[in-house]
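Down below is the structure, laid out as structure tokens.
The values are calculated or read from the model by the stated rules, or taken from the named source; none is laboratory data. Since the structure is predicted, the reported quantities are computational estimates derived from the model, not experimental observations. Please note: Cβ atoms are built from the backbone with ideal geometry, for glycine as well, and neighbour counts cover all protein chains shown. We work out accessible area using only protein heavy atoms, side chains counted, and drop any ligands, DNA or RNA first. Shrake-Rupley method; radii C 1.70, N 1.55, O 1.52, S 1.80 Å.
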Amino acid sequence: SDYETIILERRDRVALITLNRPEALNALNLAMMNDLVTLAAELDADESVGAIVITGSTRAFAAGADIKEMAGNSYMDAYLVDWFSGWDRLSAVRKPIIAAVSGHALGGGCELAMLCDVIIASDTAMFGQPEIKLGIIPGIGGSQRLTRAIGKSRAMEMILTGRSMNAAEAERAGLVARVVPADELLDNALATAATIAGMSLPIVMMAKEVVNAAFESTLTAGVRFERRLFHSAFATDDQKEGMTAFIEKRAPNFTHR
Ligand code: HXC
């Protein structure tokens with residue numbers, strides 16, 4: 001593979017990306033950020049890919065941005081390269097990304113999980129924004145995405161104290177879609193991704209786009225946007241196929257057009 005810090009495997013229409021810096025609990029250094037956003041953009045452009053899964057190791061999804069790499073930098077070092085803005089390229093991906101989280105998802109690791117569209121957690125998962133203990137604040141969207149995901153009071157408490165949430169608490173708070181036993185995590189995430197990848201790709205992309213609009217717009221504007229994309233679904237072959245298949249009592253054969 002062309003990537004040093006991640007591993008890509010293809011399972012039919014699903015792409016599985018495994019973060020692979022086990023010696024550092026998958027700490028997100030700049031090489032890993034670049035590998036991940038570059039690969040994600042390639043997979044986004046590949047019509048044979050319907051969904052993406054990002055996972056780590058059993059012990060750690062990712063234990064944060066790489067503290068050893070960050071430690072000696074100055075404000076100017078950070079400002080001039082617009083540190084961590086590269087992660088924005090992951091939120092520009094139009095296909096669904098599922099985070100399969102086991103073990104530590106801390107700091108940048110929690111933020112990476114929240115950059116994904118769905119989080120599936122193992123019962124060993126721990127989520128937290130411990131930056132405050134290092135004398136910094138979240139820097140890859142955590143203050144915004146965690147607050148939207150679990151509400152102000154819970155997000156404030158976590159970000160101000162640095163305390164982590166376990167999987168059960170993350171599920172109650174609505175941060176994760178579901179919690180599964182650790183040894184079923186990957187199969188569960190891959191099955192969910194395969195289900196999505198079996199749907200019409202352009203319709204899946206529209207569905208992701210409208211749900212994301214809920215975070216970016218007013219209710220009226222979001223509902224209007226949804227209605228327009230709903231109308232545009234009727235321009236696809238897959239809408240004709242999906243509805244014809246239902247009426248003929250058979251499975252649809254989507255052509256992703
Ligand atoms: C660099 C890290 C790391 C990190 C772990 N390691 N997390 N290296 N950056 N974020 C390294 C350790 O230094 C150690 O390397 C090896 O991984 C194993 O970690 P241990 O600490 O020995 O493991 P353990 O005792 O099991 O503790 C696990 C842990 C702890 C609780 C997750 O590693 C930890 O607290 N890590 C830091 C978590 C954190 O603060 N994350 C937020 C980072 S700031 P050696 O060489 O000693 O074996 C952030 C900001 C993002 O993410 C926003 C941008 C500004």
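Here are the numbers for the structure shown:
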read-out: Order of exposure, largest accessible area first, which applies to ASP123, ASP238, ASP44, ASP77 with probe 1.4 Å; value: ASP123, ASP77, ASP44, ASP238
read-out: Calculated over the stretch 160-257: convex hull of Cα atoms, volume per residue (Å³); value: 158
read-out: Heavy atoms of PHE84 accessible to a 1.4 Å probe, total area in Å² rounded to 10; value: 40
read-out: FRET efficiency, THR38 to ASN166 (Cβ-Cβ, R0 51 Å, nearest 0.05); value: 0.95
read-out: Whole-number percent relative contact order across the chain, with pairs defined as alpha carbons under 8 Å at least 6 apart; value: 16
read-out: Charge sum, other residues only, whose C-beta stays under 15 Å from GLU4's C-beta, Lys/Arg counted +1 and Asp/Glu -1; value: -4
read-out: Nearby aspartates and glutamates by direct alpha-carbon distance to LYS240 (threshold 15 angstrom, same-chain neighbours under 8 apart not counted); value: GLU248
read-out: Proximal lysines to LYS152, defined as alpha-carbon separation beneath 24 angstrom and excluding residues fewer than eight positions away on the same chain; value: LYS133
read-out: Share of alpha-carbon pairs per 5 Å distance bin for the stretch 1-127, given as whole %; value: 2, 11, 22, 25, 20, 12, 6, 2, 1, 0
read-out: Mean accessible surface per residue for the chain, computed with a 1.4 Å probe while every protein chain stays in place, in Å²; value: 52
read-out: Within the chain, percent of DSSP bridges classed antiparallel, to nearest 5; value: 25
read-out: Kirkwood Rh, angstrom, the stretch 62-209 [1 / mean 1/r, Cα pairs]; value: 16.1
read-out: Using a Förster distance of 30 Å, the FRET efficiency for GLU157-ASP88 (Cβ separation, nearest 0.05); value: 0.65
read-out: Relative contact order of the stretch 1-73, pairs being alpha-carbon contacts under 8 Å that are 6 or more residues apart, as %; value: 39
read-out: TYR75 accessible area, 1.4 Å probe, all protein chains in place, Å² to nearest 10; value: 150
